[in-house]
Structure formats: C-alpha cells, structure tokens
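Beneath this line is the structure, given in structure tokens, with notes to follow.
Here, each number is a calculation from the coordinates, and none is a lab measurement. Fair warning: this is a prediction, and the values are worked out from it, not measured in the lab. Methodologically, a virtual Cβ is constructed for each residue, glycine included, from the backbone with ideal geometry; neighbour enumeration extends over all protein chains shown.
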C-alpha cells in the first residue's frame, strides 16, 4: 500500500495519519499557493516594468520620429525656396530677353525713319487720320 509522503518533506516517507497528516497537507497547499502567489506578483511586476520600458522606448522613438519629420519639412521648405529663386531667375531672363527684343524693334523703327523720312511721315499722317475718323464715328 502506498502511503502519501509529506509535501513539506519531498522524497521523505514519513507516515502521517489522522489530523496531523491533514494539517501537513494543508500546510503544503498553503505553502504552494503562497509560492504561486509570489510568482504571480513577480510576473505582474515584471509585466509592469516591461510596459514602462516599452512606453519609454516608444516615447523615445516618437521623439526621434518627430525630429526626423521636422528635418524633412525643413529640407522641403529649403528646396521650395531654392525653386522659387530659380523661378525668379528664369523670369528675369525672360524679361531681359523681351526688353532686348523691344529695344531692337524701337531701334529698327528709328533706323527706318532715318532712311525714309517722307514715307514715315506719310504713314504717321495716315494712321492719325484713321484714328481721328474712328474717334469721331464713335461719338455719333
């Protein structure tokens, strides 16, 4: 016949009978439950520490991410400013080219007037007369 051993004395083979044996088992259950409770408390404490560490790491990552976003936005703004400066330079070049063409046209007209003054006077007189007619017909 197998007689249960004392849970507080593992491997022991003391024979317990009656109320003393029940007390030993109860004490063993209490001891095991106490140990289990301690382990559960430790696990909860470890889980809390892990969560705190994870939150700290997440906060650090957010700060790094925020800094990266700010740097990227600043780089984008600088690129936009550079593009605006380049656009302004291109607009100035276009305006200079148009001004040069305008000067060339005025110079060409002045040269034509010097070469053919009588024809130029006739064209100017005809243009003035046409404009005067048009202005008078609008008054009626």
| query | Applying the selection to region 112-140, what residues are surrounded by fewer than 10 Cβ atoms within 10 Å (Cβ to Cβ) and either in a helix (DSSP H, G or I) or touching a strand residue (DSSP E or B) at 6+ places or on another chain (Cβ under 6 Å) (or both)? | reply | 114, 115, 118, 134, 135, 136, 137, 138, 139
| under 31 Å from the mean Cα position of the chain (by Cα), at negative phi and in a helix (DSSP H, G or I) - does that describe any residue in region 90-99? | yes
